[in-house]
Every structure is written in structure tokens, then in C-alpha cells.
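Worksheet: the structure to be examined is printed underneath.
The values are calculated or read from the model by the stated rules, or taken from the named source; none is laboratory data. It should be emphasised that the depicted structure is a prediction, and the values quoted were computed from it without experimental measurement. Note that we place each Cβ from the backbone using ideal geometry, even for glycine, and neighbour counts take in every protein chain shown.
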Amino acid sequence: MYGLRKFYKHFGSEDGEIKLTRHGVALRLEERASMYTLIADINAAYPTLGSAQPCYYDDDHLNQMGWLNCLERHPFHVNLSQPNTP
């Protein structure tokens, strides 16, 4: 088995020990090989994904209203910067 797990370092820990979280996935060796093949296929088909950045890197996320109005994070949310008109 091969596992892809998230790790964390406890804030303020003196020893700097890195611990496992409960979040992750375990793959068999043949599943791992298939995953790497799929990743290569996706990268070849969509080369722009390699330079994609998350939406929170944009300047409109510098304040709370910009974050709340982000359509990627809140796709069904109404625009809060525009007042409701009856």
C-alpha cells in the first residue's frame, strides 16, 4: 500500500515533530501507476493547468467583501457589494 496523506506540525511545538492527519488516501502499487499515467495525460491535454493559480491569489480577495463575492468560493451567493433594490 502507498498512502498520500496530509501532515501537520503542531503550532508552537518545540521538537518540530511532523504528524499525520486523518485526511488522505491509500493506493495499491498498480493504482499508483495508473494515477501517474492519468496525471501525465491530464497535463498533456491541458497544459494551462500547470500555471493555474487559486482564486485567493487575485487582488479582489484582499478584503472580506472581495472574498465573499468570489464566485469560485461562493457560486450561488448574491453580490454583497450591490444593495438590494426592491
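Every condition in (1) small (Gly, Ala, Ser); (2) out of contact with any strand residue (DSSP E or B) (no Cβ under 7 Å at 6 or more places or on another chain); (3) at pLDDT below 80 is met by Gly3 except one, and the failing one is (2).
Each residue in region 1-22 was checked for being surrounded by fewer than 10 Cβ atoms within 10 Å (Cβ to Cβ) and either assigned to a loop (DSSP other than H, G, I, E, B) or in contact (Cβ under 8 Å) with a residue 60 or more places away in the chain (or both), and 7 pass.
Of everything in region 23-47 that is in contact with a strand residue (DSSP E or B) (Cβ under 8 Å, 6 or more places away or on another chain) and not in a helix (DSSP H, G or I), the residue that is farthest from Arg5 (Cα to Cα) is Arg28. Suppose we keep only residues that are under 21 Å from the mean Cα position of the chain (by Cα) and among the charged types (D, E, K, R) within region 7-56. Which one would you say is farthest from Asn69 (Cα to Cα)? Looking at residues that are under 21 Å from the mean Cα position of the chain (by Cα) and among the charged types (D, E, K, R), I get Arg32.
Considering region 32-59 alone, what residues qualify as being out of contact with any Phe, Trp or Tyr (no Cβ under 8 Å at 6 or more places or on another chain) and either in contact (Cβ under 8 Å) with a residue 60 or more places away in the chain or among the charged types (D, E, K, R) (or both)? Matches in region 32-59: Asp41, Asp58, Asp59. Of the candidates Gly66, Gly24, the single residue that is modelled with pLDDT of 80 or more, touching a Ser or Thr at 6+ places or on another chain (Cβ under 9 Å) and not polar (S, T, N, Q) is Gly66.
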